[in-house]
Structure formats: C-alpha cells, structure tokens
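Below is one structure, written out as structure tokens; the observations come after it.
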Amino acid sequence: SQQPGAEATPALPRVRLLEVVQRVRAFIQEHGYGLHDRLPPERQLAENIAVSRAQLREALASMESNGEIWRHVGNGTFISALDAAHSIGSVAQLAKSTTPMEIMEVRLLLEPKLAGLAAIHASEIEIAEIESFLKKGLVTADIVASQGLGDDLHRAIARAAKNSLLLSMFETIYAVRDATNWGRLKPARQTEAALALQWEQHTAFVNAIRERDPPAAARAMRQHLEYLVHQMRDFATGAITA
C-alpha cells in the first residue's frame, strides 16, 4: 500500500505496438547499437522509451519474429543480423518465395562451415555455453523445449565461428525459416528415438568442436542436417506419421 505523503506513480498510457517498435528502433539508432550488441535489460529499456514492460515485451516479440533481434533467457536481447529498417519487408518477402527444403539446402552449405570455424575460433567460455545447451537437450523429452535448445545450440556455434558475415547469413536464414509455414513439415510430436538420435548427432559435432577438429565438426554437422532433410521428406510424403 502507498505510504502517507508519498506521491502515486502515474500509470503509463497504452501505446500502439507499432509506436513501441518504432521507439525501440529509434533507441537503437540513437545509442549506436550495432550488429550483435546486447540491449539494456527490459526494465531499463522500458524506462528509457517510456513504456511499460508488458508493452516492451510485446514489441520485442514482434521484432524477434521479424528477425531484427534475438533473445536468450538469462543472457539478454541482441541486435540481429538484419537491419531494422529493412528486416520486415525482406524477411516477409523471402518467406513468401522460398520453401523449408530450400532453407535446408542453404543450411547444408553454411552450417558445416560454421561448425568447422567454431572448432578453430571458439573460446573456452563459448564452448562451455555450447556444451550447456547440449547437456540440457540430452535430458529433455519435450519436443518444443528440444527444438528451442537445438536452435540455441546452433546459434551459439554460429557466434563462436567468429565470422560476422557468415553469422549475418545464419541469422537471416533462421529469421526466414521462422517466418515460413515451417510447422507443416514437422510432426506434432516426435518419437523418443528420433529425439535421442538428433541429440546424439548434436553430441558428435559438439565433441569435435571441443576437440578442435574442424573437419570432424563440419562432417558431423552435415550428417545431422542431412538427417533432418530426410526426416522432412518423410513427413512431407507421409512416410512417417507422428
């Protein structure tokens, strides 16, 4: 309850989502945040742009879906590879003109290289972060949590490769993937055996990164992605049902 004599804190007016997004973009530009920089904590950012935390979270969720930012629980909110002024149109347009299988073809070209570079350039802290996602993924049986941890693992490897241009391409691919009708080629649930196999594949390329073996890391990443392609084809043709 309010103490006697204390002034009431005025409630913040409701601001339209688009305006909140524009305020966040303006804040990013005015303060010189660049690619992969971390934004201030939500409470601080909300105060800086004069909106409630609920309004800010809604805006950040919209920006994340457009590929402008990415968020990791416990680590913060980061500027994505896509420029804020162009990301909405470019991601939406690419999502309309591509297919999940085309996205996998590009991932097969890009991610084995990132895994090989991570084996060369990753710091011990980055390897520890990669291994933390692996450990969590190995013990979860929940498909949604498993997919999220898998994305976190792949993104951590892309960052550890220490190549900003390749990382920009990676973030763009994932933003387009998330904007497509990706779920239609995924089962409503996967078998425990399928989940276990995917995390065994993750283990293979994480171990190769830890052992500083670029060819093995690239090879294991390619084998994992090829398995996902085969799985997608099976689900698309009805060869496997959930």
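The values are calculated or read from the model by the stated rules, or taken from the named source; none is laboratory data. From a predicted model like this one, the values you see are computed outputs, not experimental measurements. When we count neighbours, we look across all protein chains shown, and the Cβ atoms used for this are built from the backbone with ideal geometry, even at glycine. These area figures cover heavy atoms from the full protein model, side chains too; ligands, DNA and RNA do not enter into them. Shrake-Rupley method; radii C 1.70, N 1.55, O 1.52, S 1.80 Å.
Listed values, structure above:
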| item | result |
| --- | --- |
| Any hit, the stretch 25-47, residues being polar (S, T, N, Q), closer than 17 Å to Thr77 by Cβ and modelled with pLDDT of 90 or more | yes |
| Filter result (in a helix (DSSP H, G or I) and surrounded by fewer than 19 Cβ atoms within 10 Å (Cβ to Cβ)) within the stretch 114-128 | Ile120, His121, Glu124, Ile125, Glu126, Ala128 |
| Unique residue being farther than 18 Å from Ile143 by Cβ, in a helix (DSSP H, G or I), modelled with pLDDT under 90 and not acidic (Asp, Glu) when the list is Arg233, Arg184, Arg222 | Arg233 |
| Residue in the stretch 158-171 that is nearest to Gln93 (Cα to Cα), counting only those that are open to solvent by 40 Å² or more (accessible area, probe 1.4 Å) and of a type outside the set (A, V, I, L, M, F, W, C) | Ser164 |
| When residues of the stretch 129-157 are limited to those that are over 18 Å from Leu225 (Cα atoms) and small (Gly, Ala, Ser), the one surrounded by the most Cβ atoms within 10 Å (Cβ to Cβ) | Ser132 |
| Qualifying residue in the stretch 147-160 (condition: farther than 19 Å from Gly76 by Cα and touching a residue at least 40 places away in the same chain (Cβ under 8 Å)) | no |
| Filter result for Ala118 (of a type in the set (A, V, I, L, M), at negative phi and modelled with pLDDT of 90 or more) | yes |
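To keep it simple, each residue is scored yes or no on (1) surrounded by fewer than 16 Cβ atoms within 10 Å (Cβ to Cβ); (2) touching a residue at least 60 places away in the same chain (Cβ under 8 Å); (3) over 18 Å from Arg155 (Cβ atoms).
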| site | (1), (2), (3) |
| --- | --- |
| Glu30 | yes, no, yes |
| Arg38 | yes, no, no |
| Pro41 | yes, no, yes |
| Leu45 | no, no, yes |
| Arg53 | yes, no, yes |
| Ala59 | no, no, yes |
